[in-house]
Amino acid sequence: MTDREDFLIWLQRDFVRAERAMFDGDAGPRRAIWAEQEPVTVLGAWRNVSNHAELVEAFDELSTSFSNCADYEFDLISFEVLGNMAYTVGYERVAASIDGEPRSFTLRATQVYRRNGDGWRVVHRHADRVG
């Protein structure tokens, strides 16, 4: 199996599962796929963070707004794996409740990943709403 194939399997299995859980109100799986080793950063649609402690706080806070994830799709536009680093560019299409109100929205998301001894971890996310 190539590095690209290995990364795509992780992305389609672990990353998508973690994002769906986040939009269903559970930040635990998303925290688990993020690197604990600095640097980690988020330029988010709702909040920015610049270290792991802020990341944990932001994900926990954000997850309380979401529930009832009816659909999550990651439309991967581009990706590359270069040694122990990778990136993705794509659209996240979400149908979930935000503060109890059913909503559908699309995020443009660019992410950077680092591979360490126990697999791939997200180290940077930049996302904003489309439209």
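Quick one: which of S67, S78, S104 is modelled with pLDDT of 95 or more, touching a strand residue (DSSP E or B) at 6+ places or on another chain (Cβ under 7 Å) and surrounded by 13 or more Cβ atoms within 10 Å (Cβ to Cβ)?
Numbers: S78 fails: surrounded by 13 or more Cβ atoms within 10 Å (Cβ to Cβ); S104 fails: surrounded by 13 or more Cβ atoms within 10 Å (Cβ to Cβ).
Result: S67 is the single residue among S67, S78, S104 that is modelled with pLDDT of 95 or more, touching a strand residue (DSSP E or B) at 6+ places or on another chain (Cβ under 7 Å) and surrounded by 13 or more Cβ atoms within 10 Å (Cβ to Cβ).
So which residues in segment 60-105 are part of a strand (DSSP E or B) and among the acidic types (D, E)?
Applying the first criterion (part of a strand (DSSP E or B)) to segment 60-105 yields 66-82, 85-98, 101-105.
D71, E73, D75, E80, E92, E101 - these are the residues of segment 60-105 that are part of a strand (DSSP E or B) and among the acidic types (D, E).
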Breaking point among (1) more than 15 Å from the chain's Cα centre (by Cα); (2) within 19 Å of F15 (Cα to Cα); (3) not in a loop (DSSP other than H, G, I, E, B), for Q37: (3)
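Return the residue satisfying two criteria in turn: it lies in segment 84-101 and is touching a residue at least 60 places away in the same chain (Cβ under 8 Å) and closer than 20 Å to D6 by Cα, and of such residues it is surrounded by the fewest Cβ atoms within 10 Å (Cβ to Cβ). Spell out how you get there, then give the answer.
Initially, segment 84-101 is screened for residues touching a residue at least 60 places away in the same chain (Cβ under 8 Å), giving 86, 88, 92, 94, 96.
The next check asks that each one be closer than 20 Å to D6 by Cα; those that pass are 86, 88.
Working: A86: 24, T88: 22.
Filtering first and then ranking leaves T88.
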What are the residue pairs meeting all of these: first residue in segment 6-23, first residue closer than 19 Å to N116 by Cβ, second residue open to solvent by 60 Å² or more (accessible area, probe 1.4 Å) and outside any helix (DSSP H, G or I), Cβ atoms under 6 Å, and 6 or more apart or on different chains? none
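The values are calculated or read from the model by the stated rules, or taken from the named source; none is laboratory data. Since we're looking at a predicted model, the values are computed, not measured. When we count neighbours, we look across all protein chains shown, and the Cβ atoms used for this are built from the backbone with ideal geometry, even at glycine. These accessible areas exclude ligands, DNA and RNA; they are computed on the full protein's heavy atoms, side chains included. Shrake-Rupley method; radii C 1.70, N 1.55, O 1.52, S 1.80 Å.
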